[in-house]
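Enquirer: Structure in structure tokens, see below.
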Amino acid sequence: MHQKQFDPASKLNRLCGSPEIDPRRLVVLCALILGMIQTRSVVLWRLVPVVQLGENENSVYKRLKRFMQYSLSQNMMARFVLSFLREEHVLLLLDRTNWKWGQQDINFLILSVS
């Protein structure tokens, strides 16, 4: 079954003009976000059929893998997420967890917007 595809270019206006990200990476970011929403998955090979990046599926998969190696600015990502909120007041939720992996301590601090 072929799923309806999203057009990432329609969402670029949320970050246009940001000097922090190259426009080509912005296209991939938007495609990833919309693909994750549509497929309800973060598995790259499940996103490949629904993202519109104009190449064959093997090329799209490689492009997504390369993008995942790129480090995004936390400030830019926060502005991007907050730009989707329409309300004046938002609730911020802060959560911290600590795991032990062998001798390694792993701490996660997560800020969520509701």
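Enquirer: Describe numerically, in nm with one decimal, the distance between label points set 7 Å from Cα along Cα→Cβ at LYS100 and at ARG66.
Expert: It is 4.3 nm.
Enquirer: Highest mean first, what order results for 37-44, 102-109 on Cβ atoms within 10 Å?
Expert: 37-44, 102-109
Enquirer: With the Cα gyration tensor of the range 24-114 giving a ≥ b ≥ c as the square roots of its eigenvalues, does the rule (a/c under 1.5 for rounded; else a/b larger than b/c for prolate; else oblate) give rounded, prolate or oblate?
Expert: Oblate, since a/c reaches 1.5 and b/c is not below a/b.
Enquirer: Take GLU55, GLU88 and order them by how many other Cβ atoms sit within 10 Å, fewest up front.
Expert: GLU88, GLU55
Enquirer: When MET68, MET76 are ordered from fewest to most other Cβ atoms inside 10 Å of their Cβ, what list results?
Expert: Lowest to highest Cβ neighbour count: MET68, MET76.
Enquirer: Run the quick spin-label model on ILE110 and LEU82: label points 7 Å from Cα toward the beta carbon, then report their separation in nm to one decimal.
Expert: 2.1
Just so you know, all these numbers are worked out from the coordinates, no wet-lab data involved. Please read all numbers here as calculations on a predicted model, not as lab measurements. FYI the Cβ positions are ideal-geometry reconstructions off the backbone, even for glycines, and counts take in every protein chain you see.
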